[in-house]
Amino acid sequence: MPVVSVSLTERNLETLDMLQKAYGLTGRSEAVRVCIRSAEAEVRERGTLQGDVEGVLITIHLAEGVDENRHEYQEIITTQVHSHLKNGKCLNVFLVRGQAAMVKSMLAELQGSEQMEYVKFIQS
């Protein structure tokens, strides 16, 4: 198996170690492989979105800097519920309806944000 060098933050390492323990894995490499398979499945599922799409988008993020995304995709957000969580985090639940390309764009942008801790889209 090829060896790949990856730079991770302390928080990333803590998360990786937590996942390794939670899944009962033998090492960090195995934990990384599990995460890659999980991300691959999500990307494949996202790839099946076509035409008009409707669903629920759930995000958990740090409190600052996310409103810009919401305004950019305002035309596909039909409803938003926002709640403040512990430790300066926020929960958003969006009802989304629009063209698959725009929904995919929104998901990719949110997923790429360093402030996001969790992004999940559930198609109705």
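The values are calculated or read from the model by the stated rules, or taken from the named source; none is laboratory data. All of these numbers come straight from a predicted model, not from anything done at the bench. Note that we place each Cβ from the backbone using ideal geometry, even for glycine, and neighbour counts take in every protein chain shown.
Checked against the criterion of being within 13 Å of the chain's Cα centre (by Cα) and surrounded by 13 or more Cβ atoms within 10 Å (Cβ to Cβ), the stretch 68-89 has no qualifying residue. For the stretch 1-37, residues that are assigned to a helix (DSSP H, G or I) and surrounded by 11 or more Cβ atoms within 10 Å (Cβ to Cβ) total 17.
Return the only residue of Val53, Val93, Val43, Val34 being in contact (Cβ under 8 Å) with a residue 60 or more places away in the chain and among the β-branched types (Val, Ile, Thr). If you could, list the steps in order and put the result at the bottom.
Values: Val93 fails: in contact (Cβ under 8 Å) with a residue 60 or more places away in the chain; Val43 fails: in contact (Cβ under 8 Å) with a residue 60 or more places away in the chain; Val34 fails: in contact (Cβ under 8 Å) with a residue 60 or more places away in the chain.
Unique residue meeting the criteria: Val53.
Taking the numbered list (1) of a type in the set (A, V, I, L, M, F, W, C); (2) in the same structural domain as Glu114 (by TED's automatic domain parsing); (3) assigned to a loop (DSSP other than H, G, I, E, B) in turn, Val93 passes all entries but (3).
In this structure, Ile60 does satisfy being under 12 Å from the mean Cα position of the chain (by Cα) and of a type outside the set (Ser, Thr, Tyr). Evaluated against (1) farther than 23 Å from Thr9 by Cα; (2) touching a helix residue (DSSP H, G or I) at 6+ places or on another chain (Cβ under 7 Å); (3) not in a helix (DSSP H, G or I), Lys104 falls short on exactly one condition, (3).
If the condition is being of a type in the set (Gly, Ala, Ser) and either outside any strand (DSSP E or B) or modelled with pLDDT under 90 (or both), then the stretch 47-88 contributes Gly47, Gly51, Ala63, Gly65, Gly88.
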